[in-house]
Amino acid sequence: VLQSSNSLKASYEDWLLTYGLSISPFHLRWQTALFNRQFYSWGRWKPKFLYLWFSVGMAFGIVAMFGSVILLGKTLLQTLTQMLTEAPKAQNDRMLQVVVSVPSSGLCLRAVCKLIVLHENSPCSVVPGVNLPISQLTYFFSAILISGVIHEVGHGVAAIREQVRFNGFGIFIFIVYPGAFVDLFTTHLQLISPVQQLRIFCAGVWHNFVLGVASFMVLFLLPAILFPFYYTGVGALVTEVAEDSPANGPRGLFVGDLVTNLQDCPVYNVEDWNSCLGDISEKSQVGYCVSAATLQQLSFPARVYRRLDGTVECCSNNSLTDICFSYSNKLDSHLYACLPARKVIEASKVCRSNMDCHKDFTPSFCVTPSLENQTRLIRVKHPPHIDMLYVGHPMHLQYTVSLSSFVPRQNFLSIDLPVVIETFCKYLISLSGALAVINAVPCFALDGQWILNSFLEATLSSLIVEKQSRELVGFLILLAGSALLAANVALGLWMVTAR
């Protein structure tokens, strides 16, 4: 609208030029020379160290270029196999899916927002607004922006180290995805040797790799880093309970509670919590030792009927405190009793059979909750509060309760700070690693294109004398790499929409 106005067009374009702004549909770009002095300071700091640093980065970039092709090829085969077979592979198979690809253009080097999601337990991908929690969008976009900035800082510092003129640094937003870029003098890039070019072109993926490793180290050493303020190994601290969580209620879990046991499974941290819930979900329901006298005293006559899945119910559907238990004696192996759950469980020992309950010659039975398939009765200990008795699918409890392994040493310390650091480090590891892998792919408009061209010039100039022939080889490889990446993107999106 402003550009179409005869009276405002000139002043509008002058304003954009003054502030280094460029605006087009779905794309906002800002470039500045404010940081040039800082970049030159970094690029001239300890030349020998920087030479070694970017030489190692060059070696990493070349290995990453070949490795990314193998990784994407393997991913493509896995996805095709999953599409063609009627029964998908087990969900614990590691799977890589490319779900977002935002191209860049222009003569200057740009960080391009590439997203690979590597899941160990699920083949689903992260797509903002589809299955990425809204509460974590800040982590997502901040990690993308920081990964892009670190990527471009690598290019800029390496270019100055190789005596290439640095014009400026900038940030852009494409639709909603943020990124960064550096503007280098193209003529200088073309005049330096292929090996020098490789140091510059590989610096971005190298810095992303280093950022991912640094984030992993912070995550790994977080208990030691936060030791003066938080202690670990004493349980899982509840940081949030969703409103619709089955753990909500007067005898449920509250923020600040410390979970120490799930059934007879001890919980020392969040990993134990997840592991215990996984074991409870996979194994059959545990029982509880109840003496014959107590069983006779607590039970009351009730009508027994079978559910659709074959399990037995013997309590009134309106009861909120009673549960149907099954047990066996020497004469009958299918006995049922409707019992008050809390009285049965709180003072009882966990068992798997009647043999586990024999003690002091007191006749006892191992009574097991008679529940529908996949439903479990779980006793959650969170002292000093009364135990929570949860009836439902264990995964519902896992998905609706957020916990932390870090317990504040002082009341004024935030229980959310360690969670924020942990979550942000995980996003940095994932997204910075993704940026390193994808940008190393020999594909048009990515760093891999320039890495490949410089690599071929450095290695094939003596074998293939004619420059046009080397360019043809490079073009064919780039064409194949672009097709491989495009196929992964297409199938990755198909997997998201199909599921």
Matching residues in the stretch 286-316 - criterion: being open to solvent by less than 70 Å² (accessible area, probe 1.4 Å), modelled with pLDDT under 85, out of contact with any Asp or Glu (no Cβ under 7 Å at 6 or more places or on another chain) and closer than 16 Å to ASN373 by Cα: GLY310
Members of the stretch 460-499 found to be assigned to a helix (DSSP H, G or I), open to solvent by less than 60 Å² (accessible area, probe 1.4 Å) and not aliphatic (A, V, I, L, M), listed by number: SER469, ARG470, GLY474, GLY481, SER482, ASN488, GLY492
Of the criteria (1) open to solvent by 40 Å² or more (accessible area, probe 1.4 Å); (2) over 30 Å from THR239 (Cα atoms); (3) among the polar types (S, T, N, Q), which one ASN411 fails: (2)
Selection from the stretch 435-447 of residues that are surrounded by 19 or more Cβ atoms within 10 Å (Cβ to Cβ) and closer than 21 Å to TYR177 by Cα: LEU435, ALA436, VAL437, ILE438, ASN439, ALA440, VAL441, CYS443, LEU446, ASP447
Given (1) closer than 30 Å to GLU346 by Cα; (2) at pLDDT below 95, index of the condition SER469 fails: (1)
Residue ID - surrounded by the most Cβ atoms within 10 Å (Cβ to Cβ), chosen from residues in the stretch 352-364 that are out of contact with any helix residue (DSSP H, G or I) (no Cβ under 6 Å at 6 or more places or on another chain) and in a strand (DSSP E or B): THR362
Residues within the stretch 253-285 that are under 19 Å from TYR399 (Cβ atoms) and among the small types (Gly, Ala, Ser), tallied: 3
Hits in the stretch 55-79 - residues which are touching a helix residue (DSSP H, G or I) at 6+ places or on another chain (Cβ under 9 Å) and farther than 22 Å from ILE477 by Cβ: SER55, VAL56, THR79
Number of the condition not met by GLY252 [criteria: (1) out of contact with any Gly (no Cβ under 9 Å at 6 or more places or on another chain); (2) closer than 20 Å to SER364 by Cα]: (2)
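The values are calculated or read from the model by the stated rules, or taken from the named source; none is laboratory data. Being a predicted model, the structure only gives us computed values, none of them experimental. Please note: Cβ atoms are built from the backbone with ideal geometry, for glycine as well, and neighbour counts cover all protein chains shown. These accessible areas exclude ligands, DNA and RNA; they are computed on the full protein's heavy atoms, side chains included. Shrake-Rupley method; radii C 1.70, N 1.55, O 1.52, S 1.80 Å.
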